[in-house]
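Visitor: I'd like to ask you about the structure that follows.
Each value in this text was obtained by applying a stated rule to the coordinates, not by laboratory testing. Because the structure is a prediction, the values reported are computed rather than measured. We place every Cβ from the backbone using ideal geometry, glycine too, and count neighbours over all the protein chains shown.
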Amino acid sequence: MQNPFFNRGFQRKRPAPTGHVLPPGQYETQDFPVLSAGPTPRIATAKWSFALDGLVETPQKWNWAEFNALPHQDLTVDIHCVTQWSKFGTTWQGVSLDTLLALAGPKQEARYVMAHCYGGYTTNLPLADLTGGKAFIGLLYDGKPLAPEHGGPARLVVPHLYFWKSAKWIQRLELLADDAPGFWERAGYSMYGDPWKEQRYRDDDEDQAAAGL
Ligand SMILES: Nc1nc2c(c(=O)[nH]1)N[C@H]1C(S)=C(S)[C@@H](COP(=O)(O)O)O[C@H]1N2
Ligand SMILES: [Mo]
């Protein structure tokens with residue numbers, strides 16, 4: 001808190017009209033903007049599958065029926081896009097990553113995850129950011145099947161990181177020993193993307209690392 005890099009963001013954090021707290025440099029929107037780096041893939045649920053593999057004891061692969069038979073949870077989360085919009089109180093139903101990881105059994109050396117999507121998009125995250133109730137695979141949004149534009153049939157949702165980490169049209173989560181950049185990370189975005197520390201770009205990671213944060 002004493003550090004100027006942290007204070008920079010901390011002081012700009014301000015309440016939105018609804019009383020929720022906005023991360024620094026964000027504004028509140030009531031819409032649900034669509035941000036996609038390419039065309040929307042249309043994946044029939046009959047052809048859909050999702051895998052959890054890499055550095056795991058028991059690689060997992062589910063078809064649509066199998067995945068939907070897993071225990072579901074209702075979740076209400078705030079989301080923050082690096083293009084500066086935040087949306088409060090989004091409501092989802094999905095499967096916790098804790099449920100999925102318990103079935104796969106991460107190996108001890110697994111530290112990072114690469115999310116691979118239908119359409120070719122990728123994004124990287126630390127494994128620790130997918131555990132402890134922090135991430136889920138979203139299947140229903142606002143009580144309805146997730147629209148293709150927003151990542152349907154199923155997307156990763158990791159609300160405590162900038163929303164580009166919430167991979168739409170998720171196809172596979174690969175557990176890795178080492179971190180490697182995904183699509184936006186290779187283009188210069190942050191390897192981690194904490195909205196509360198305003199880690200938008202790779203430069204922010206480097207500045208904060210240099211400041212010992
Ligand atoms: N597969 C895939 N996932 C993606 C993206 C993408 O282009 N392709 N865009 C990311 C970005 S930059 C954001 S802000 C959110 C946007 O999700 P939305 O379109 O549902 O708002 O999805 C993220 N996940
Ligand atoms: Mo984004």
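Visitor: Before we move on, is ASP194 under 21 Å from ASP78 (Cβ atoms), among the acidic types (Asp, Glu) and out of contact with any strand residue (DSSP E or B) (no Cβ under 9 Å at 6 or more places or on another chain)?
Guide: So ASP194 fits the description; yes.
Visitor: Name the residue that is nearest to ALA128 (Cα to Cα), counting only residues in the range 83-102 that are in contact (Cβ under 8 Å) with a residue 12 or more places away in the chain and of a type in the set (Gly, Ala, Ser).
Guide: That would be SER96.
Visitor: Among what's in the range 158-173 and is within 11 Å of the chain's Cα centre (by Cα) and more than 6 Å from ligand 1 (Cβ to nearest atom), pick the residue that is farthest from GLY120 (Cα to Cα).
Guide: Within the range 158-173, the match that is farthest from GLY120 (Cα to Cα) is HIS160.
Visitor: Consider VAL113 carefully, then state whether it is within 16 Å of ligand 2 (Cβ to nearest atom) and under 16 Å from the mean Cα position of the chain (by Cα).
Guide: When the stated conditions are applied, VAL113 does not pass them.
Visitor: Restricted to the range 157-174, and to residues that are in contact (Cβ under 8 Å) with a residue 60 or more places away in the chain and β-branched (Val, Ile, Thr), which residue is nearest to ILE137 (Cα to Cα)?
Guide: The extreme case among them is VAL157.
Visitor: Pairs under 8 Å by beta carbon, first residue aromatic (Phe, Trp, Tyr) in the range 22-39, partner near ligand 1 (Cβ under 6 Å from one of its atoms), six or more apart or different chains?
Guide: PHE32/HIS150
Visitor: Continuing with this model, one more query. Can you pull out the residues in the range 175-213 that are touching a residue at least 24 places away in the same chain (Cβ under 8 Å), surrounded by 19 or more Cβ atoms within 10 Å (Cβ to Cβ) and away from ligand 2 (no atom under 16 Å from the Cβ)?
Guide: Residues satisfying the conditions are LEU175, LYS197, GLN208.
Visitor: With PRO126, PRO153 as the choices, which residue is touching a residue at least 24 places away in the same chain (Cβ under 8 Å) and touching a Lys or Arg at 6+ places or on another chain (Cβ under 7 Å)?
Guide: Just one listed residue meets the conditions, PRO126.
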